[in-house]
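Accompanying notes for the structure given below.
The values are calculated or read from the model by the stated rules, or taken from the named source; none is laboratory data. This is a predicted model, so every value here is computed, not measured. Here the Cβ is made from the backbone with ideal geometry for all residues, glycine too, and neighbour counts use every protein chain on show. The accessibility values were calculated without ligands, DNA or RNA, using every heavy atom of the protein model including side chains. Shrake-Rupley method; radii C 1.70, N 1.55, O 1.52, S 1.80 Å.
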Amino acid sequence: MITLRSFDDETFDIDETVAVELQTIKHMMEDGCAGSEIPVPNVTGKILAKVIEYCKKHVESGKAEEQGTSDDLKAWDADFVKVDQATLFDIILAANYLDIKSLLDLTCQTVADMIKGKTPEEIRRAFCIKNDFTPEEEEMVRRENQWAFE
C-alpha cells in the first residue's frame, strides 16, 4: 500500500497497482524518492479522491477481460466528467501534475466539447472570461482571422 497526502492533509491509502497509474508518483517510487507517505502538494483531498477513483476504475477494467468492458468504461468515463466546471478544471490540473495522460485527455476533450460550435461571446459567458478587447481591437482580430468566424 502507498499513502498519498493531499494539499489539505487528507491521506489516501492506495494499492501500488493504482499508484503507478499516476506517473509522477510512479517515477518517485522508481527513483527511491517515495517514503512511507507521498505528499501531493498541488491537489486537494476532494480532487485527489476523484483522481484515485478514476485510476482504480481503469486498473480494474484493465484486469477484467470481459466482453463489453470497453463500452462500460466509456460510459463510466462519460459519467465521471459530469461535474461542475471548477471541479473539472481542478481535475485537469491534477491529471497534468500527476501525469495521467488518459485522464488529461478525457477532461480536456470534455472542455473541447463544451466549446465546440459556440461563438466567442458564448465561450466567454460559459467560462466567465472577461472581454478585454476594445471594439476596435476586436474588429481588427475578426478581420485578420475571418476564416475562423465563417
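Per-structure values
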read-out	value
Carbon + sulfur, % of accessible area of region 1-123 - ligands and nucleic acids excluded, 1.4 Å	51 percent
Area accessible to solvent at L103, 1.4 Å probe radius, in Å²	0 Å²
Choice from E138, E21, E37 with maximal GNM fluctuation in the chain (Cα, 10 Å cutoff)	E138
Where H58, H27 fall by accessible area, highest first, once all protein chains stay in place (1.4 Å)	H27, H58
With all protein chains modelled, accessible area of F89 [1.4 Å, Å²]	70 Å²
Using a Förster distance of 22 Å, the FRET efficiency for C128-D84 (Cβ separation, nearest 0.05)	0.95
Heavy atoms of E16 accessible to a 1.4 Å probe, total area in Å² rounded to 10	100 Å²
Once exposed loop trypsin sites (Lys or Arg not before Pro) are cut out (DSSP; at most 15 other Cβ, 10 Å), longest piece of the chain	1-81
Hull volume in cubic angstrom per residue (convex hull over the Cα atoms of the chain)	154 Å³
Candidate aspartates and glutamates for bridging to K118, where Cα separation is under 16 Å - those fewer than 8 sequence places away on the same chain excluded	E150
Probe 1.4 Å, protein heavy atoms only - accessible area per residue of the chain in square angstrom	64 Å²
Leading residue at positive end of dipole, the chain (Cβ point charges), from I14, V81, A148	A148
Solvent exposure ordering (accessible area, 1.4 Å, most first) of W147, W76	W147, W76
Heavy-atom accessible area ranking, 1.4 Å probe, most first, across Y97, Y54	Y97, Y54
Computed magnitude of the charge dipole of the chain (debye, nearest 20; Cβ of K, R +1, Cβ of D, E -1)	220 debye
Fraction of beta bridges assigned by DSSP in the chain that are antiparallel (%, nearest 5)	50 percent
Cα-projected label distance for T24 with K46, points at 7 Å along beta-carbon direction, nm	1.9 nm
Highest-fluctuation residue, N42, N131, N96 considered, GNM on the chain with Cα pairs under 10 Å	N131
Subset of K46/K130; K56/K82; K74/K101; K50/K101; K46/K116 violating a 24 Å alpha-carbon distance limit	K46/K130; K46/K116
